[in-house]
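Trainee: The structure's right below; bear with me while I get my questions together.
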Amino acid sequence: MEIHTSHGLHGEIEIPGDKSISHRSVMFGALAKGTTEITHFLQGADCLSTIGCFRAMGIEIENTPEKILVHGRGLHGLTAPAGTLDVGNSGTTTRLISGILSGQPFATTLSGDASLNSRPMKRIMEPLSLMGADIQSQNGNGCAPLQINHHLNPGSHPELKHIHYRSRVASAQVKSAVLLAGLYADGVTEVTEPTLSRNHTELMLNGFGANVITINHDDGSATASIQPCEELFARQIQVPGDISSAAYFIAAGLLVPNSELLIRNVGINPTRAGLLEVCRAMGADITYVNQTSASGEPTADLLVRSSSLHGTTVEGAIIPALIDEIPMIAVMAAFAEGTTVIKDAAELKVKETDRIKTTTEALLAMGADVVPTEDGMIIHGGNPLHGTDINSYLDHRIAMAFSIAGLAAAGTTTIQDSRCVDVSYPEFYKSLGALNQ
Ligand code: S3P
């Protein structure tokens, strides 16, 4: 994809459904009794991987342009898939489904693409094994393909032990895997994480009739606990717009001179909205209009105007609330006055790519002054950026962040393998084109 310097972005945009919430709506709908109706579902490749996995386990899912209907069969209604479950590029599918599969009366194998099959899975294998699951990395390297074995008579349900797990990382995927296995455990299962990560699983499971409680501790850590459950019950879910997708348009509106954008229906759950706090700290002009909520998740329309940004420090407890937005924040920092320090973000190394490496490589190629560190990067803003060839390394967030960089840079920017945006935002370039007239 070729991107040229923009002279202003104008208009309104409706952001596609939240990826994290879309995944969960299908998973929990499949485990519930009755038909769950989902509107504004994200039709990205990752969420379609989740749908494919549950169809393979006997769940009827109708996917129409208006809504998704998941005909759930209850907590014990999944059936053994005929072959390996294909999780594509999706870490969320892999890790959350592993928690569910640990409680099933059949064995399964999960595998994805090259990026997915190189991402760390020990972080879920450890707690699920402690609960009594037999979950193995086929190649012995702690990565997918994963095999979840079943040692009882066919059809007998494994008896999972409840645990109190202390996770070293603040990861909603780890927390959710343990909580979902906890639905099938013999007592109250608890997960403590060093700082609170996105809490969509907790909010939505309660909406389906489970009993999940969160306690925030004085030291910033948080414990979520779940009671084992008899049944979940189908419900309607309206998925809010994905703040991680809105991030690209927020940044575009701020960075491209003469811009004014109204970004509609953005999920602003505080465990996800760290980007907005960083924007405020950088001097961004963003107004919240129409604050409301969708299926228990707070939302707002955001009015964004071009702004002169200045550097800031991004560190500590806010990191999990903006982890996927860091490539975009780094680009904003390159256009800002002064220095931005991003730290405590070593998790960037185990995303779809090592995003410390891929982000700094692309910024350097465009002429920015950036230094990678062990757990983030230091960006000295203000160097004029110029267009060049950008290798996305098939990472959707790198492709989108540097497309926006290209709008604000001089000359032409070419994003290689830009179709990787299909993972989370298939309409990205079409929507961007409509605002960039
Ligand atoms: C997600 C959690 C985060 C995030 C990912 C989606 C989720 O990953 O980066 O894009 O839906 O739970 P981690 O839990 O590994 O931090």
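The values are calculated or read from the model by the stated rules, or taken from the named source; none is laboratory data. Because the structure is a prediction, the values reported are computed rather than measured. All Cβ positions, even for glycine, are placed from backbone atoms using ideal geometry, and neighbour counts span all protein chains on display. We work out accessible area using only protein heavy atoms, side chains counted, and drop any ligands, DNA or RNA first. Shrake-Rupley method; radii C 1.70, N 1.55, O 1.52, S 1.80 Å.
Trainee: Scanning for something more than 17 Å from SER49 (Cα to Cα) and hydroxyl-bearing (Ser, Thr, Tyr), does the range 146-164 turn up at least one residue?
Mentor: Yes: one or more hits.
Trainee: Also: Do you know which residues across the range 25-39 are surrounded by 24 or more Cβ atoms within 10 Å (Cβ to Cβ) and of a type outside the set (A, V, I, L, M)?
Mentor: If the condition is that a residue be surrounded by 24 or more Cβ atoms within 10 Å (Cβ to Cβ) and of a type outside the set (A, V, I, L, M), then SER25, PHE28, GLY29, THR36 are the ones that fit.
Trainee: Do you know which residues across the range 347-359 are open to solvent by less than 50 Å² (accessible area, probe 1.4 Å), in a helix (DSSP H, G or I) and either within 14 Å of the ligand (Cβ to nearest atom) or over 19 Å from ALA114 (Cβ atoms) (or both)?
Mentor: Correct list: GLU347, LEU348, VAL350, ARG355, ILE356, THR359.
Trainee: Still on this model: Evaluate the range 20-29: report whether one residue or more is outside any helix (DSSP H, G or I), β-branched (Val, Ile, Thr), in contact with a helix residue (DSSP H, G or I) (Cβ under 7 Å, 6 or more places away or on another chain) and at pLDDT 95 or above.
Mentor: no
Trainee: GLY253 versus (1) open to solvent by 10 Å² or more (accessible area, probe 1.4 Å); (2) over 20 Å from the mean Cα position of the chain (by Cα); (3) among the small types (Gly, Ala, Ser): which is the lone unmet condition?
Mentor: (1)
Trainee: Would you please name the residue that is nearest to the ligand (Cβ to nearest atom), looking only at residues in the range 181-193 that are crowded, with 19+ Cβ neighbours inside 10 Å and not acidic (Asp, Glu)?
Mentor: Ranking the candidates gives VAL191 first.
Trainee: Using the structure shown, decide if MET332 is within 16 Å of the ligand (Cβ to nearest atom), in a helix (DSSP H, G or I) and either assigned by TED's automatic domain parsing to the domain that holds ARG168 or among the hydrophobic types (A, V, I, L, M, F, W, C) (or both).
Mentor: Here the answer is no, as MET332 does not meet what is asked.
Trainee: Okay, next question. Only one of (1) under 19 Å from LEU179 (Cα atoms); (2) away from the ligand (no atom under 16 Å from the Cβ) fails for GLY91. Which number is that?
Mentor: (2)
Trainee: If you don't mind, there's one more thing I want to ask. Which condition from (1) part of a helix (DSSP H, G or I); (2) in contact with a Cys (Cβ under 8 Å, 6 or more places away or on another chain) is the one that LEU394 breaks?
Mentor: Here LEU394 clears every test but (1).
Trainee: Here is a list of conditions, (1) open to solvent by 20 Å² or more (accessible area, probe 1.4 Å); (2) in a loop (DSSP other than H, G, I, E, B), and GLN291 meets all of them except one; can you say which number that is?
Mentor: All conditions pass for GLN291, except number (2).
Trainee: Here is a follow-up. Does the range 243-267 hold any residues that are within 16 Å of the ligand (Cβ to nearest atom) and either over 25 Å from GLY433 (Cβ atoms) or assigned to a strand (DSSP E or B) (or both), and which are they?
Mentor: Answer for the range 243-267, where residues must be within 16 Å of the ligand (Cβ to nearest atom) and either over 25 Å from GLY433 (Cβ atoms) or assigned to a strand (DSSP E or B) (or both): just GLY267.
Trainee: Another question, if that's okay. Look at LEU130 and say whether it is over 19 Å from the mean Cα position of the chain (by Cα) and either within 16 Å of the ligand (Cβ to nearest atom) or hydrophobic (A, V, I, L, M, F, W, C) (or both).
Mentor: Criteria met by LEU130.
Trainee: Another question, then. So which of ASN211, ASN258, ASN216, ASN206 ends up being over 28 Å from GLU193 (Cβ atoms) and out of contact with any helix residue (DSSP H, G or I) (no Cβ under 7 Å at 6 or more places or on another chain)?
Mentor: ASN258
Trainee: Here is a further query. Residue under question is ALA114, and the condition is that it be under 26 Å from SER171 (Cα atoms) and either open to solvent by 10 Å² or more (accessible area, probe 1.4 Å) or of a type in the set (Asp, Glu) (or both); does it hold?
Mentor: Yes, satisfied.
Trainee: It is to be established whether one or more residues within the range 222-230 are open to solvent by 60 Å² or more (accessible area, probe 1.4 Å) and among the charged types (D, E, K, R).
Mentor: yes
Trainee: Continuing with the same structure: Within the range 136-178, can you find the residues that are surrounded by 23 or more Cβ atoms within 10 Å (Cβ to Cβ), of a type in the set (Val, Ile, Thr) and more than 16 Å from the ligand (Cβ to nearest atom)?
Mentor: Selection gives ILE148 alone.
Trainee: Considering the range 212-221 alone, what residues qualify as being open to solvent by 40 Å² or more (accessible area, probe 1.4 Å) and assigned to a strand (DSSP E or B)?
Mentor: ILE213, THR214, ILE215, ASN216
Trainee: So GLY8 ticks every box in (1) touching a residue at least 24 places away in the same chain (Cβ under 8 Å); (2) outside the structural domain of SER392 (by TED's automatic domain parsing); (3) away from the ligand (no atom under 16 Å from the Cβ) but one. Which box is left unticked?
Mentor: (2)
Trainee: In the range 11-63, what count of residues is obtained for those that are within 15 Å of the ligand (Cβ to nearest atom), among the small types (Gly, Ala, Ser) and farther than 30 Å from GLN437 by Cα?
Mentor: 4
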